[in-house]
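Below is one structure, written out as C-alpha cells; the observations come after it.
The values are calculated or read from the model by the stated rules, or taken from the named source; none is laboratory data. Bear in mind the structure is a predicted one, so any value in this text is a computation, not a measurement. All Cβ positions, even for glycine, are placed from backbone atoms using ideal geometry, and neighbour counts span all protein chains on display. For accessibility, only protein heavy atoms count, side chains too; no ligands or nucleic acids. Shrake-Rupley method; radii C 1.70, N 1.55, O 1.52, S 1.80 Å.
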Amino acid sequence: MMKRMLAFIGALLIFLIGAFIKTNQNQTLSTTKKIPTVGILQPLTHPALDEIHQGFVAGLKSEGFIDGQTVKLDFQNAQGDQSNLKTMSTKFVDEKVDLMAAIATPAAQACANAAKGQTPVLLAGITDPVGAKLIKTDQHPGGNVTGTSGDAPLDKQLQLLQEVVPQAKKIGIIYSSSDHGGEYNAKNFAKLVTQAGLTPKFYTISNTNDMQQVAQQMVRDVDAVYAPQDNNVATAMKTLVSAANGAKKPVFASADTMVKDGALAAYAITQFDLGKVAGQMAGQVLKGRKTANYPLAYVTKGHNVLNEKTARTLGINLPKSVVHQVQTKGEMIK
C-alpha cells in the first residue's frame, strides 16, 4: 500500500512539474507574440535621413518601446535604388509587421502602396503628404497613414538669403524631378522669390549623377542658389557646393546637414526632432490610437546655421546681426 502511495505521489509530482513547465512555455510564447514589430524604411544613407531615423528610435523609446525588449525594429535601407523601396515595403507586409515607418516621401509612397490601407504607416519628415496622395487632410488623414511633416519655413530661408547677400537678384532653385517634396518646396520658394521682387530660375536633376553638369550651368546664370529639402540634392550637396564655390556663388540650403556639407547658410529644422515626434506618434498607434483621426504633426521651429569656412572661401562678410543671432541661438560651422 505504501509503495502504491509513493508511486502515486511521484506520478502526481511529475504531472505537476510537466504542467508547470508547459504553462511557462505557453506564457513565454504568449509574451513573445505580444512584442510588436516595426519596419523602418529609408531610401538612402544621408546624414539628414539618418538623424530622422535616430530620432524615430528615440521617440519610440520615450513611449516605452525599446528595441530588442519591448519592440522589434526591422530597419531597411534602399541605398538609393527605387526598386528596393517596393521590395522592402512588400517584405514588411509579407512578414506582418505591426507598423511601418517611412523616412522621406519615396519611402512613404512605397509603404503606403504596399500596406493597401491595412498596416499603419507613420510618416517621418514628409513634405506635402496631401499632395503626395498619402493622406486626405492634415487634421483627418482618413486612413492608415499619419505622422510628421517637415514643411520647410521657406519665408525664413528667403529672409536669411536676403540678409546675407542683399545684392543677389537671380536665384537658382535646384530640385530633382523624381522627388515630390523637393519639387513642392522649390515651386513654393519660387513664389516667395517673385513676391520679393527677385527672379527665380529653375534647374532640375533626375538623379545625383546629373548634379555636376546642371550645377555648372546654373552657377553661370544666377547670383545665388537655393537647395530645398530634396533627397537627391542633399546627397549631391558637395558636388553642388564645389561648382558654386568655383564660381563664387553662395548656396543656401534647407537643412543643417547641407550646411555641414559646404552650403553657406540655412534656416534649418532639426531632423532629429522630426523623427522623434514621428516615433512618439508611432508609440501611440502601437498602443491602440487610430491613424485615421490622428492629425499630422508639423515641426517648423528651426534655427540659423552658417558655415564660416564657406563664407571665407566666397569672400562674403557675414552681417553682424546674423552672426550674433547664430552665436546665441543657432549653429556656426567652423
Notebook entry, point to check: Dipole size in debye (nearest 20) for region 43-178 around its Cα centre, Lys and Arg Cβ +1, Asp and Glu Cβ -1?
Noted result: 360 debye
Next item on the list: Give the accessible surface of the chain per residue, rounded to a whole number of Å², with probe radius 1.4 Å and ligands, DNA and RNA excluded.
Entry: 48 Å²
Note to self: Starting from 0.36 nm per residue, how many nanometres of slack lie between Gln216 and Lys116 once their C-alpha separation is accounted for?
What the structure shows: 31.7 nm
Next item on the list: Express the carbon and sulfur contribution to the solvent-accessible surface of region 49-139 as a percent, rounded to the nearest whole number, probe 1.4 angstrom.
Entry: 48 percent
Notebook entry, point to check: Ser83 versus His324, label points 7 Å from Cα toward the beta carbon: distance in nm?
Noted result: 5.8 nm
Check: Which aspartates and glutamates have a Cα less than 17 Å from the Cα of Lys86, not counting those fewer than 8 places away in the same chain?
Finding: Asp74, Asp94, Glu95, Asp179
Check: Taking the mean number of other Cβ atoms within 10 Å as a proxy for protection, how do you rank 168-175, 268-275, 81-88 from highest to lowest?
Finding: 268-275, 168-175, 81-88
Next item on the list: Bin all alpha-carbon pair distances of region 158-257 at 5 Å intervals from 0 and give each bin's fraction as a whole percent.
Entry: 2, 15, 29, 27, 19, 7, 1
Next item on the list: State to the nearest 20 debye the size of the charge dipole of the chain about its Cα centre, where the only charges are +1 on K and R beta carbons and -1 on D and E beta carbons.
Entry: 740 debye
Check: Hey, with R₀ at 22 Å, roughly what FRET efficiency would Lys156 and Lys201 work out to, going by the Cβ-Cβ distance, to 0.05?
Finding: 0.55
Check: Using the per-residue mean of other Cβ atoms lying within 10 Å as a proxy for protection, in what order, highest first, do the peptides 197-203, 151-157, 257-263, 70-76 fall?
Finding: 257-263, 151-157, 70-76, 197-203
Check: Please state the equivalent ellipsoid semi-axes for region 94-206: what are the square roots of 5 times the Cα gyration tensor eigenvalues, largest first, in whole Å?
Finding: 34, 14, 11
Next item on the list: Could you work out which residue, out of Gly80, Gly59, Gly288, moves most in a Gaussian network model of the chain, that is, has the largest mean-square fluctuation with Cα springs under 10 Å?
Entry: Gly288
Next item on the list: Kindly flag which residue pairs out of Lys61/Lys187; Lys136/Lys169; Lys133/Lys329; Lys238/Lys301 have an alpha-carbon separation exceeding 30 Å in this structure.
Entry: Lys61/Lys187; Lys136/Lys169; Lys133/Lys329
Note to self: Considering only C-alpha atoms, what is the centroid distance from region 85-136 to region 197-257, in Å?
What the structure shows: 29 Å
Item checked: log10 of Debye I(q)/I(0), alpha-carbon scatterers only, for the chain at 0.08, 0.11, 0.16 Å⁻¹ -> -0.43, -0.71, -1.25
Margin query: Give me the one-decimal Kirkwood hydrodynamic radius in Å for region 229-334, with the sum taken over alpha-carbon pairs.
Written below: 15.5 Å
Check: In nm, to one decimal, how far is the Ser177 label point from the Ala297 one, both placed 7 Å along Cα→Cβ?
Finding: 3.7 nm
Next item on the list: Place +1 on the Cβ of every Lys and Arg and -1 on the Cβ of every Asp and Glu in region 261-334, take the dipole about the Cα centre, and give the residue among Val285, Leu318, Leu274 whose Cα lies farthest towards its positive end.
Entry: Val285
